[in-house]
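A short write-up of the structure that comes next.
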Amino acid sequence: MGNVNKPMKLAYYPGCTLKNQATNFDVSTVSSMAKLDVEVEELDRWNCCGTVHALDSDNVMNRVAPITNMIRVKEMQARTEGMAGEFMTGCAMCYNTLKRANIDVKARSDALETINNFLSLEKTKYEGDVEVLHLLEYLRDRVGFENLAKKVTKPLKGLRVACYYGCLLLRPKEVAFDDVENPTIMENLIRALGATPVEFSHKAECCGAHLTVDKPEVIADRTGKIMGSAHEEKADLVVVSCPLCAFNLDFRQDDARRLNPDFHNMPVLYFTQLMALAFGCDKPALRFDLQHIDPLPALKAHGLD
């Protein structure tokens, strides 16, 4: 468990979506970590993790994109004093892709050799010696929620938060860093921020993922069930760790309401936005303007605007 009074250095992989549609996830992550005295350094020359394309088969070439990022971590580690051979990402989809690729090549020396041969122009070879961490995992195991709580300047008292995990933090079980049936890591974070986590039945249900492109009616139905479950438990808002989940649960609420007139709109935020709010970060670090359902009324109701 780390000591937040001693500055730490951490390699950071944002991924593509956090630099485009989900910049609210990116800026709230960087700003929050600064409040925790963690020097977050974005990887140089990082590339797309390959997302679902990297996982569609056991073809070695589908692991090249993720492993190239491992090489970037090794390069950063070599030139940066005090940086460990690990890196962090907040995006659940990037985490899942990178972690599974790393597990795969560590278990298959022939695959790793093939990838290194393919990347022959790289000066650094990958030897399976980089650890992939999700931000939640880093906060729990490196910082510690007790230490994190000491940095809270604006406790989120009274706020009832439903923590939505979805698929990619929990499946398959070899990438999970919490109980796959009943995860609690986000709830423990929410408590450390001063808010009240609420249990709801759909917190580990799939949001429908990429079906949002060609079958939005399926997503609308899933959104209605997931958000409806949170509403039944009197949550004020839902927090997520995946940009695709964020889009489906936030931007598809209008469609869900058309399917069910009794549907109640509810804000969807990234967990890092609540961190930034509780740590007293400036408004540019919150970027609530990027949410489809405005979270300010729910926050103002608890004196958190």
Magnitude of the Cβ-charge dipole (Lys and Arg +1, Asp and Glu -1) of region 8-141 about the Cα centre, nearest 20 debye, reported as 180 debye
Length-normalised contact order of region 205-275, Cα under 8 Å, at least 6 apart, in percent, tallies to 37 percent
Filtering GluC sites (Glu not before Pro) in region 59-164 by DSSP loop and by at most 14 other Cβ atoms within 10 Å leaves 81, 127
Region 136-215 and region 236-266 have their Cα centres apart by a whole-number Å value of 17 Å
Whole-percent tail of the Cα-Cα distance distribution for the chain, cut at 34 Å, equals 21 percent
Taking only the Cα positions of region 152-295, the convex hull volume per residue in Å³ is 103 Å³
Scoring the chain by relative contact order with C-alpha pairs under 8 Å, at least six apart, yields a percentage of 19 percent
When the chain is treated as a Gaussian network with springs between alpha carbons less than 10 Å apart, the largest mean-square fluctuation among 253, 77, 273 is found at 77
Given unit charges at Cβ for Lys, Arg (+) and Asp, Glu (-), the dipole magnitude of region 192-240 about its Cα centre in debye, nearest 20, is 60 debye
If every Lys and Arg gets +1 and every Asp and Glu gets -1 at its Cβ, then about the Cα centre the chain yields a dipole, in debye to the nearest 20, of 520 debye
Counting only protein heavy atoms and leaving out ligands, DNA and RNA, the solvent-accessible surface of residue 292 at a 1.4 Å probe, in Å² to the nearest 10, equals 70 Å²
Measuring from the longest principal axis of the C-alpha atoms of the chain, the long axis of helix 64-79 (C-alpha) lies at a number of degrees, nearest 10, equal to 80 degrees
For region 66-145, whose charge dipole is built from +1 on Lys and Arg Cβ atoms and -1 on Asp and Glu Cβ atoms, the candidate among 92, 128, 114 with its Cα farthest towards the positive end is 92
A student applying the Cα gyration tensor rule (rounded when a/c is under 1.5; otherwise prolate if a/b is larger than b/c, oblate if not) would label region 54-173 oblate
accessible surface per residue for region 200-305, probe 1.4 Å, DNA/RNA/ligands not counted, whole Å² -> 43 Å²
Mean separation of Cα contacts under 8 Å (at least 6 apart) over the residue count of region 110-215, i.e. the relative contact order in percent, is 28 percent
With Cα coordinates, the longest principal axis of the chain makes an angle with the long axis of helix 109-118, in degrees rounded to 10, of 80 degrees
Rh_Kirkwood(region 135-231) over Cα pairs, Å, one decimal, evaluates to 14.8 Å
For region 58-117, the accessible surface attributable to carbon and sulfur atoms (probe 1.4 angstrom, ligands and nucleic acids excluded) amounts in percent to 45 percent
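The values are calculated or read from the model by the stated rules, or taken from the named source; none is laboratory data. Everything numeric here is computed off the predicted structure, so don't read it as measured data. In this analysis, Cβ positions are derived from the backbone assuming ideal geometry, glycine residues included, and neighbour counts consider all displayed protein chains. Remember, those area values only see protein heavy atoms, side chains included, never the ligands or the DNA or RNA. Shrake-Rupley method; radii C 1.70, N 1.55, O 1.52, S 1.80 Å.
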